[in-house]
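The values are calculated or read from the model by the stated rules, or taken from the named source; none is laboratory data. All values reported here derive from a predicted model rather than from experimental measurement. When we count neighbours, we look across all protein chains shown, and the Cβ atoms used for this are built from the backbone with ideal geometry, even at glycine.
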Ligand code: NDP
């Protein structure tokens, strides 16, 4: 196999007529398919259940995007058994063949690109560019991991020792569990499954309940690409029921989780407990929340800073783990920066995702409640500079909201809101800005707008986050370009889309033969 060198898939902007027309056509076609039902997939078999997961359109919650079967503990047991059965042969596949299969899946996904984007518009309220960026990221994960996995086939170098033949090589772990969030329901799910699978593991995947249909579409792609039965198993269900059961299961070899801090901590604890009959220590990968800060100092290009802040805070309604939720701005330029941010944010259009606004709805009634709660808290903790309200109508629409004069230890400056709410913290100087930036329990993304080389270098060393950006927005990490993962309570820093990611799912075996 001689793969093309990896480069990220370009993200469609829909500024020219052809892609825009193709998107409109895809929306019509997908709309005609709304409401369909999708079964579980266990060991290649389609399995239906009496209970259903119902996925609705957050722009219009009365519209059912689709339903899936809802797994319970017995289906979870069967799925793990199927994954172990498939592991026996999948682990023996030559790496080149496994990589070729991932490349094939990337081709199928590329062919269905506009259609997948349309599903994201309906199921989770992304506008066209956000949807396009996500599909491109999913394609990138497949291609990047296909190529990265080849490098492990040669094993690891060891030092020669007289009288012995020594070697060290990598083997996969076994059957693992993938539990995914709803905010990148295609890309994160795809990457979390196909990373481990690329290097010979098998997986039981539980998508988030709000986004089971796009997950079913991903499994259609795996099937079309020819992924063998049992290598990937599709198991939608309730997190607290089937997710928790999978995590505690003695047959689970590893847990690859992305989601909230609260659930991540519970998973960490459960997985650490030895279940009866369990033969290993589970490996647990947790990529969790953030309270990401963007510093703007008095030397910065203020226009660029305002643009980057608005893009980072309000893209996909602020529902990105990397979203800027704290703007930390030096007093001297604070009024100017806040004014520009408010002016730009005020111009953002909000509406049904199908109409391609700047901001669609938040994801669910649960997200709506959370955002409402923090809008109330913010009224007491800051000075409302923009927004602050939910819009009329059944869709979960909120105005972009900016609270100014927020204290660094306020709840809206410390707790992840995961919505279109920005807290502005004013500080006397750059030293204070860095201290505030590092003053949360998270450490996912961060950014600095400054023209001072000295300060940028200081931030490079002292701003303690997994992904740090200078003079640009702090969202939109690209696979292979910006390996992604956080410090502190933002997670275990697996660095998805990075050159070492696949090592997480391998173990090294060392073999010595005496001559
Ligand atoms: P949740 O933690 O609520 O849910 C994530 C997944 O865990 C869902 O599939 C959920 O199922 C499942 N789950 C819920 N309870 C349990 C349990 N007790 N045991 C096992 N699984 C369970 O997160 P969200 O889906 O709301 O996602 C948003 C969060 O994800 C934010 O905090 C965000 O910052 C974080 N995130 C982090 C990223 C990173 O790379 N660091 C990237 C993207 C998001 P169900 O849907 O049924 O509840």
(message) Return the residues of segment 249-271 that are surrounded by fewer than 18 Cβ atoms within 10 Å (Cβ to Cβ) and more than 8 Å from the ligand (Cβ to nearest atom); say none if nothing qualifies.
(response) 250, 265, 268, 269
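For segment 118-126, state whether one or more residues are touching a helix residue (DSSP H, G or I) at 6+ places or on another chain (Cβ under 9 Å), modelled with pLDDT of 95 or more, closer than 20 Å to residue 58 by Cα and outside any helix (DSSP H, G or I).
Here is the first cut: in segment 118-126, the ones touching a helix residue (DSSP H, G or I) at 6+ places or on another chain (Cβ under 9 Å) are 118-126.
So of that shortlist, the ones also modelled with pLDDT of 95 or more come out as 118-126.
Checking which are closer than 20 Å to residue 58 by Cα leaves us with 118-126.
With outside any helix (DSSP H, G or I) added as a condition, the list becomes 125-126.
Yes; the residues of segment 118-126 include at least one that is touching a helix residue (DSSP H, G or I) at 6+ places or on another chain (Cβ under 9 Å), modelled with pLDDT of 95 or more, closer than 20 Å to residue 58 by Cα and outside any helix (DSSP H, G or I).
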(request) Could you run through segment 477-501 and say how many residues are away from the ligand (no atom under 11 Å from the Cβ) and assigned to a helix (DSSP H, G or I)? (result) 2
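Does residue 167 qualify as being within 14 Å of the ligand (Cβ to nearest atom), surrounded by fewer than 21 Cβ atoms within 10 Å (Cβ to Cβ) and either in contact (Cβ under 8 Å) with a residue 24 or more places away in the chain or at positive phi (or both)? Walk me through how you get there before you give the answer.
On the way: within 14 Å of the ligand (Cβ to nearest atom): no; surrounded by fewer than 21 Cβ atoms within 10 Å (Cβ to Cβ): yes; either in contact (Cβ under 8 Å) with a residue 24 or more places away in the chain or at positive phi (or both): yes.
So residue 167 fails the test.
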(message) I need the full set of residues from segment 322-369 which are within 16 Å of the ligand (Cβ to nearest atom) and either modelled with pLDDT under 95 or buried (at least 18 other Cβ atoms within 10 Å of the Cβ) (or both), in order please.
(response) 322, 323, 324, 325, 326, 361, 362, 363, 364, 367, 368
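Condition test on residue 198, is it more than 14 Å from the ligand (Cβ to nearest atom), surrounded by 24 or more Cβ atoms within 10 Å (Cβ to Cβ) and over 17 Å from the mean Cα position of the chain (by Cα)?
Numbers: more than 14 Å from the ligand (Cβ to nearest atom): yes; surrounded by 24 or more Cβ atoms within 10 Å (Cβ to Cβ): yes; over 17 Å from the mean Cα position of the chain (by Cα): yes.
Considered against the rule, which asks whether it is more than 14 Å from the ligand (Cβ to nearest atom), surrounded by 24 or more Cβ atoms within 10 Å (Cβ to Cβ) and over 17 Å from the mean Cα position of the chain (by Cα), residue 198 comes out as yes.
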(request) Identify, by number, the condition in (1) surrounded by 16 or more Cβ atoms within 10 Å (Cβ to Cβ); (2) in a helix (DSSP H, G or I) that residue 457 doesn't meet. (result) (1)
(message) Can you tell me which residue is nearest to the ligand (Cβ to nearest atom) among those in segment 223-244 that are surrounded by fewer than 23 Cβ atoms within 10 Å (Cβ to Cβ) and farther than 12 Å from residue 179 by Cα?
(response) 241
(request) Need at least 2 residues that are surrounded by fewer than 21 Cβ atoms within 10 Å (Cβ to Cβ) per element, so show me which strands (runs of 3 or more DSSP E) inside segment 1-91 make the cut, counting only ones lying wholly within it. (result) 36-38, 45-47, 52-57, 60-69
